[in-house]
Amino acid sequence: MKRITIIGFVLMAVFTAFFINATLPLLGDDQNERDFHNSYKIYSVPIPYRLDFAGENVPLEYAFVRENLDREISINTYWASATMIIFKRANRYIPIMEPIFRKYGVPTDLAYVAMIESQLSNVISPAAAVGFWQFTKAAAIENGLEVNDEVDERYNILKSTEAACKLFKSSHERLGSWTLAAAAYNAGKTRVLSAMTDQQMRDFYHLYLNDETSRYLYRILALKLICKEPQRYGFLLRNKDLQAPIPMDQIVIDSPVDDLVAFARKNGVNYKILKDNNPWLRKPKLSNPKRKSYIIQLPKPGYLLYDKQQRVISHPDDMFKGF
C-alpha cells in the first residue's frame, strides 16, 4: 500500500510539471531581459521646493535636509502596503482627532505623529506603549489618563488624543517650536532640551540627536506629503477603498455595570461590537467605584453595513484639506 501511495505522488508530480510546461510560455534570456526593462521601473520620488510643518519652515535649501526627506518618502512610497493601510484608516480616524486638535490650539500636522507611532491602530509596542498615541503607563497617568485593570484610556481615541494635545502644548511652551515638540514626543522634553542647551542650538534641523529621533520628523513630513498628494506618489484610491467614519450613539455611564455582555445586548449590539468600539474597557464589567462618568460609543443602527458606510465617505483628495 505504501509503495502504491509513493508511486501515486510521483505520477502526480510528473503530471503537474508537464501541465505547467505545457501551459506557461517559456521565455528566453533575451525576451526575459526585454520584458524586465520594459515593465519594471523604479522612479526617484519627487521632493517639493517648499514645505512647512505646523506653519514652521522646513529648510529644504540644505542638501542634508533634502536627502533625509528623500529617504523617508522613498521608504513610505515603496513600502507601499503599510502606507496604503494608514491612508485608508486616516479617513475614519482623522475626523475624530481634528476637532480635538482645534480645541487645544494644536496644529493638525501633529496628527501625523499618530500615523507613524501606531499606523492608527491600538497596538502594543515592545516597550509596553499602548494605543494610537503609544503612551506608556507612566506617561499616560502623568497626562491625565486612567489606567487600571478595568479601564485603560490609552485605548480611547478621544481621551488619548486629548492627552497627546496637552503634551504637545506643554512641549511647545517649553521648547519654543512645534517641530521640536514633535521630536520631543519621541525622545522626551528633557532629552531634547538638554541637546538644545549643550549644543546651543534651537533649530531641530541643526541639532545632533540620536538616529531614531533625527529620522522622526522626516518620517512625519514624508507621510504629510504623501497624504496631501497621494496620486503624486503613486497611491491611487477610490472612495470605496477608504474606511468610512462610523456615526456613533453615545451612552453616558455613571454607575457600575456588572455584565457588559448583557449591557451590549440591551443596547442592540453584541459584546464584540461593544469591545471593538470601546477597547478601553478591559474587562467584561465596569465596577466604577468612584461613580465616574464614562462615555460608551456604539455605531448608529445600520452603520456596520458596508453600503451604508459608503454614504459618509468623502473624496480621498478632500481628506487632508484642513491640514
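Given the structure, is Lys300 on the phi < 0 side of the Ramachandran plot and either touching a residue at least 60 places away in the same chain (Cβ under 8 Å) or touching a Gly at 6+ places or on another chain (Cβ under 9 Å) (or both)? Here the answer is no, as Lys300 does not meet what is asked. In the set (1) touching a residue at least 12 places away in the same chain (Cβ under 8 Å); (2) within 20 Å of the chain's Cα centre (by Cα); (3) more than 15 Å from Glu72 (Cα to Cα), Leu236 fails one condition alone, (1). Annotation: of all residues in region 240-256 being loosely packed, with under 13 Cβ neighbours inside 10 Å and of a type outside the set (A, V, I, L, M), the one that is farthest from Asn288 (Cα to Cα) is Lys240. As a summary of the residue check, Ser44 satisfies the conditions (1) modelled with pLDDT of 90 or more; (2) assigned to a loop (DSSP other than H, G, I, E, B) except for the one numbered (1). Taking the criterion of being in contact with a strand residue (DSSP E or B) (Cβ under 8 Å, 6 or more places away or on another chain) and in a helix (DSSP H, G or I), would at least one residue in region 109-125 satisfy it? Yes, region 109-125 has at least one match. The listed residues are Tyr155, Tyr104, and the only one of them that is of a type in the set (Phe, Trp, Tyr), within 30 Å of Asp254 (Cβ to Cβ), touching a Gly at 6+ places or on another chain (Cβ under 8 Å) and modelled with pLDDT of 95 or more turns out to be Tyr155.
Annotation note: Cβ proximity below 9 Å between a residue of region 261-275 that is at positive phi and a residue that is surrounded by 13 or more Cβ atoms within 10 Å (Cβ to Cβ) and modelled with pLDDT of 95 or more (sequence gap 6+ or interchain) occurs for Gly268/Leu298.
With respect to the conditions (1) in contact with a helix residue (DSSP H, G or I) (Cβ under 8 Å, 6 or more places away or on another chain); (2) under 25 Å from Tyr112 (Cα atoms), Glu229 falls short on a single one, namely (1).
Candidates are the residues of region 261-270 that are outside any loop (DSSP other than H, G, I, E, B) and surrounded by 16 or more Cβ atoms within 10 Å (Cβ to Cβ); the one that is farthest from the chain's Cα centre (by Cα) is Phe263.
Pairs are defined by a Cβ separation below 8 Å, a sequence spacing of at least 6 or placement on different chains, a first member in region 123-134 that is farther than 16 Å from Lys159 by Cβ, and a second member that is part of a loop (DSSP other than H, G, I, E, B); the pairs so defined are Val123/Gly131; Val123/Gln134; Ser125/Gln134; Ala127/Thr136; Ala128/Thr136.
The values are calculated or read from the model by the stated rules, or taken from the named source; none is laboratory data. Computed from a predicted structure; not experimentally measured. When we count neighbours, we look across all protein chains shown, and the Cβ atoms used for this are built from the backbone with ideal geometry, even at glycine.
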